[in-house]
Amino acid sequence: MTTAIQLQHLIDGAWQDGTAGPLASNNPALPDETVAHGLQAGEAEVDRAMAAATAAKRDWARTPAHERGAVLLRAAAILEESASDLGLELAREEGKTRPEGEGEVLRAAQILRYYGNDGDRAAGGIYSSPRRGEKILVTRKPLGVIGVVTPFNFPIAIPAWKIAPALTYGNTVVWKPASTVPLLAMRLAQALSAAGLPAGVLNLLIGPGSVGNSIVEHPALDGLTFTGSTGVGRNLASKAAGRGVPVQAEMGGKNAAVVLADADLDLAVEQVMLGAFRSSGQKCTATSRLIVAEDIADEFLAELGKRAANLSLGDPTAAGTEMGPVINASARKSIQQGIDTALAQGASLLAGGHPYSEGALAEGHFIAPTVLELPGDGTQNVWTEELFGPVLSVRRAQSTQEAFEVANDSEFGLSAALFTQDLTTALSAMDEIDVGILHINSESAGADPHVPFGGAKKSGYGPKEQGEAAREFFSHTTTVYLRGGKDAQS
Ligand code: UN1
């Protein structure tokens, strides 16, 4: 057994122990194994971190963007060098497979590189003026102290895609990661510290949800970025918005894959498998609803059920494992209850569904990859509520129009995948399917740092993330009416 790693918080440039209760992260595949442990941050740490971020904000805002970006580029290199080790730690702490863990670390590095280089891109604009002797300039300034609250499912990539733009556009940060994945949070903060980030610019506080609440309620907060569950997100967003603090919150998804009769069915089945079961379905962009054209439904579902049943589950750090556990015992319980409720509501099982009662899969927090076909018009909870696990519900559609309507039958609108080879259908989907991210002939998950990420409808609140959208959120504009000071006519 590997020794557990000691967790510390980063406040004002110093690594230090917490002063509140004990905290540990466990390996979800082997719950008796502690991955990292330490003491939680409490109210005193929140106050000190907010004070440090406030004290650092003027200097950091005045540091040339190129220098700020250079810190991110050095941190990216550190992550790249240690991607194999960190990927293993990520797999042990979060439960996704080791290749996915390593891929996530490299993705965090890619995000740091993208925003690191953004320091050398345009920082505003110049407009002509309707008056003589005047130009109108639009310059950008940071918001100030940003509260960053991040989920367990991408322990390093989601923090990177919030923290990197916050820092590169000149803000300081107080960050509260999910308490189930503190080690990877510490690793990202260590990389940024080692890269030369000045004291107070990034503060890391590890602790329960109450720490996130205290950050959001703190009077020094100038902006909040959140990714996580709809309930927590709405609560934090309303607290921040109620005090006039700008908020960006990325929350639920109930993402559909639509497979039409003319699709390449081999490609579609492979992509639906990835969308539904990679990371054990624990992505806000995961495919949790499948809509299949009636003409090909029997054939497609038979193949999908077979593949799901044959997925290789086990220790995510072992070679060949295709799916690991879910994050903890309570997630496993609520996902299993969601499956049981669906079965009680008339769903039929095409794969999985039954809890493991013995062996390593019963000891770890494993859920069988589950495919459920639903009768009727989708009133079952499993069709409407996000389970955040490896559970795919299926309905059949008689026409393309009906398939699009069923895809839109959700309060959420984060992402969707459409499988067709017909260009006209693909073009009409762009207008008809109401989502923030539409994949045509690829799985519903995935994101790139240079394009907007976020949902339609109730999936998010406030501006989107990434690319230009991140610059919009993490900085505000000052419109400058500039004249020379001498009479323009002379
Ligand atoms: C991805 O689809 O690769 O919490 C990223 C989530 C999303 C990120 C998804 N915010 O799952």
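Among the candidates Gly484, Gly454, single out the residue that is of a type in the set (Gly, Ala, Ser) and within 16 Å of the ligand (Cβ to nearest atom).
None of the others qualify; the one that does is Gly454.
Can you find even one residue in the range 127-140 that is touching an Asp or Glu at 6+ places or on another chain (Cβ under 7 Å) and either at negative phi or without any contact (Cβ under 8 Å) to a residue 40 or more places away in the chain (or both)?
No: zero hits.
Can you tell me which residues in the range 413-451 are within 14 Å of the ligand (Cβ to nearest atom) and hydrophobic (A, V, I, L, M, F, W, C)?
Scanning the range 413-451 gives Leu414, Ala416, Ala417, Val435, Ile437, Leu438, Ala445, Ala447, Val451.
Suppose we keep only residues that are without any contact (Cβ under 8 Å) to a residue 12 or more places away in the chain and outside any loop (DSSP other than H, G, I, E, B) within the range 242-269. Which one would you say is farthest from Ile327 (Cα to Cα)?
Filtering the range 242-269 for residues that are without any contact (Cβ under 8 Å) to a residue 12 or more places away in the chain and outside any loop (DSSP other than H, G, I, E, B), the one farthest from Ile327 (Cα to Cα) comes out as Gly242.
Give me the residue from the range 238-255 that is within 15 Å of the ligand (Cβ to nearest atom) and hydrophobic (A, V, I, L, M, F, W, C) and, out of that set, farthest from Pro316 (Cα to Cα).
Applying the filter and picking the extreme gives Ala249.
I'm trying to understand the selection: among the residues of the range 61-82, which are of a type outside the set (Gly, Ala, Ser) and either surrounded by fewer than 23 Cβ atoms within 10 Å (Cβ to Cβ) or in contact with a Phe, Trp or Tyr (Cβ under 9 Å, 6 or more places away or on another chain) (or both)?
Arg62, Thr63, Pro64, His66, Glu67, Arg68, Leu72, Leu73, Arg74, Ile78, Glu80, Glu81
Looking at the range 273-313, which of its residues are assigned to a loop (DSSP other than H, G, I, E, B), surrounded by fewer than 20 Cβ atoms within 10 Å (Cβ to Cβ) and in contact (Cβ under 8 Å) with a residue 12 or more places away in the chain?
Leu311
Count, please, the residues in the range 213-228 that happen to be more than 20 Å from the chain's Cα centre (by Cα) and within 16 Å of the ligand (Cβ to nearest atom).
Number satisfying all stated conditions: 0.
Is one or more of the residues making up the range 177-198 touching a residue at least 60 places away in the same chain (Cβ under 8 Å), of a type in the set (D, E, K, R) and within 16 Å of the ligand (Cβ to nearest atom)?
no
Would you list the helices (runs of 4 or more DSSP H) that sit entirely within the range 392-490 and hold 1 or more residues that are in the same structural domain as Gly242 (by TED's automatic domain parsing)?
Once the helices (runs of 4 or more DSSP H) in the range 392-490 are filtered for at least 1 residues that are in the same structural domain as Gly242 (by TED's automatic domain parsing), what remains is 467-474.
Please find, among Ala445, Ala470, the residue that is touching a helix residue (DSSP H, G or I) at 6+ places or on another chain (Cβ under 8 Å), crowded, with 19+ Cβ neighbours inside 10 Å and under 24 Å from Val245 (Cβ atoms).
Being touching a helix residue (DSSP H, G or I) at 6+ places or on another chain (Cβ under 8 Å), crowded, with 19+ Cβ neighbours inside 10 Å and under 24 Å from Val245 (Cβ atoms) holds for just one of Ala445, Ala470, which is Ala470.
Of all residues in the range 387-425, count the ones that are crowded, with 16+ Cβ neighbours inside 10 Å and over 30 Å from Gly228 (Cα atoms).
Matching residues across the range 387-425 total 5.
What's the number of the condition Asp377 fails, among (1) modelled with pLDDT under 95; (2) part of a helix (DSSP H, G or I)?
Of everything listed in (1) modelled with pLDDT under 95; (2) part of a helix (DSSP H, G or I), Asp377 misses just condition (2).
Any residue in the range 51-71 that's among the basic types (Lys, Arg): show its pairings with residues that are part of a helix (DSSP H, G or I) at Cβ separation under 9 Å, as long as the two are six or more apart or on different chains.
Partner pairs satisfying both residue conditions: Arg68/Trp60; Arg68/Gly116; Arg68/Leu167; Arg68/Thr168.
Residues that are at pLDDT 95 or above and small (Gly, Ala, Ser): find the strands (runs of 3 or more DSSP E) completely inside the range 105-193 holding 1 or more of those.
124-128, 145-149
Looking at the range 88-99, can you tell me whether even one residue there is more than 26 Å from Leu361 (Cβ to Cβ), under 20 Å from the mean Cα position of the chain (by Cα) and surrounded by 22 or more Cβ atoms within 10 Å (Cβ to Cβ)?
no
Scan the range 455-490 for residues that are acidic (Asp, Glu) and over 25 Å from Asn235 (Cβ atoms) and jot them down.
Glu468, Asp487, listed by residue number.
When the residues of the range 35-49 are filtered to those that are out of contact with any helix residue (DSSP H, G or I) (no Cβ under 7 Å at 6 or more places or on another chain) and surrounded by 17 or more Cβ atoms within 10 Å (Cβ to Cβ), which remaining residue is nearest to Thr2 (Cα to Cα)?
Among them, the one singled out is Gly38.
Please verify whether the range 264-275 includes one or more residues that are within 22 Å of Asn27 (Cα to Cα) and within 16 Å of the ligand (Cβ to nearest atom).
No - not one qualifying residue is present in the range 264-275.
Working carefully through the options Ala342, Ala331, find the one that is over 22 Å from Val272 (Cα atoms) and in contact with a Phe, Trp or Tyr (Cβ under 9 Å, 6 or more places away or on another chain).
From the options Ala342, Ala331, the qualifying one is Ala331.
Quick grid of which residues meet (1) in the same structural domain as Phe412 (by TED's automatic domain parsing); (2) under 28 Å from the mean Cα position of the chain (by Cα); (3) more than 16 Å from the ligand (Cβ to nearest atom):
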position	(1), (2), (3)
Thr287	yes, yes, no
Leu290	yes, yes, yes
Phe300	yes, no, yes
Gly320	yes, yes, yes
Val326	yes, yes, no
Ser334	yes, yes, yes
His354	yes, no, yes
Gly359	yes, no, yes
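Scan the range 316-333 for residues that are under 23 Å from Phe388 (Cβ atoms) and touching a Lys or Arg at 6+ places or on another chain (Cβ under 9 Å) and report the count.
8
Kindly establish whether Lys254 is under 20 Å from Val181 (Cα atoms) and at pLDDT 95 or above.
no
When only residues in the range 29-46 that are in contact (Cβ under 8 Å) with a residue 40 or more places away in the chain and part of a helix (DSSP H, G or I) count, which is farthest from Lys141 (Cα to Cα)?
Here the answer is Glu43.
The values are calculated or read from the model by the stated rules, or taken from the named source; none is laboratory data. Quick caveat: nothing in here was measured; it's all calculated off a predicted structure. Because the Cβ atoms are built from the backbone with ideal geometry, glycine has one as well, and the counts that use them run over all protein chains shown.
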